[in-house]
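Note sheet for the following structure.
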Amino acid sequence: MHHIGSPIDSHPTDQLLTLCSRLRRFTGKKTMLGHQDTTLCRRMHECDSDVATLTGAYPAVWGFDLGRTELGWEKNIDNISFARIHQEVSHAHDIGAIPTFTWHSVNPITSGGYGSNTAPGSVCAVLPGGDCHGRFLDWLDRVAIMLNSLTDDDGLPIPVVFRPFHEHNGTWFWWSLGSRMGTTDTSEEEFKQLWRMSIDYLRNSCGIHHVLYAYSPDRSRIDLTNETAITEEYLYGYPGDDYVDVLGIDDYWDMDQHPSGTDPAKQHEELITMLTLVGRLAEKHGKLAAVTEIGSPGAFASRLNNGKDGDEVYAPRPWTGYLLSALEANQFTARMLWCLPWRNSLEGEGTGAYGTPSAASPYARDFIDFAESQRIVLIKESAKLPADE
């Protein structure tokens, strides 16, 4: 078993070890606010980040996407140039924030993106012996080129968190394994092979040693009504302790449910149950823990405003009264090292996929209070993330 905060990489860079040490010290004490594309996708223009406009500070974890780097494109899936992403990773690192990457790759057989990302036999095709195995290794080479290019002013590697094959227990990506709620033609062992092969290739063939790897099932495919099955469902497809640094969860489900179908107090309890499970397993397995994606509490609260009497208990304070209180519920939920809302895109506005509030939002004040709480960590431009708390 790895000690918490020790990377799975047997040859970690000094920079990665420093990051791990910082995260180990934060565990159980602090939760960093994350945000996808925080300086790359915003609604307000007084500052280069909606979070900074409201709070005067930046998120402590900055999310980026590698989707389309596998094709050699200059821009990613969200039409942001990789050159710009490179600049923003440097910006994040310079102020002490932590970069984290997802990889929404196209389908290896069809090259289809969102809406056409699945095809029968996709995972088998990229495994050794499969028709697309060579193509997939070329993709990993391109991912490695991008990761290896992330260096600071002294030419030293910038440590990052990489979250490949996320939400694997769903059915919407080519790497999807599915769950008891809906299966794919990919077996659990095939998914584990895909994960292990990819990490082994990046480490052993591409010389990547400045990366932490995050595992992140989707909350909507985990049944919390069966206590004995929760752990099994969360770990369905888990590639093993030697291949994972961070136990995460992508949770929009507990943020964006319509009140007519969900009692808000029960929903809050389920959020706590989910985070407790992740924190408990992280402690047991010697891993770091995080809410690797989370829906906007503001979207949930706005729905609650239209609900039945009594729902208002959560509506005015979605960030502090709903999310923060869950993070502070017990010793295991307190292990969540960051929560990362998604990007502030126009198409996501008014849904759980929309990230952080605008200045005009009725939840702006509550978001500021959330950011200013003792538990939550943001970063002032002029001050690096504290090493000790």
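Between D185 and E227, take the C-beta separation as r, use R0 = 30 Å, and let me know the FRET efficiency to the nearest 0.05.
Computed FRET efficiency for D185 and E227: 0.50.
Per-residue ellipticity at 222 nm for the chain, helices alone: DSSP H runs ≥ 4 residues times -39500 (n - 2.57), over residue total, nearest 500 deg cm²/dmol?
For the chain, the value works out to -9000 deg cm²/dmol.
Under 5 Å between amide hydrogens, which residues at least 5 positions from W338 or on another chain qualify, with H placed 1.01 Å from N in the peptide plane?
Sorted by chain and number, the residues that satisfy this are M32, V291.
Every number here is computed from the coordinates shown, using simple stated rules; none is lab data. In this text, all values refer to a predicted model and were calculated from it rather than measured experimentally. Heads up, the Cβs are rebuilt from the backbone with ideal geometry, glycines too, and the neighbour counts pull from every protein chain shown.
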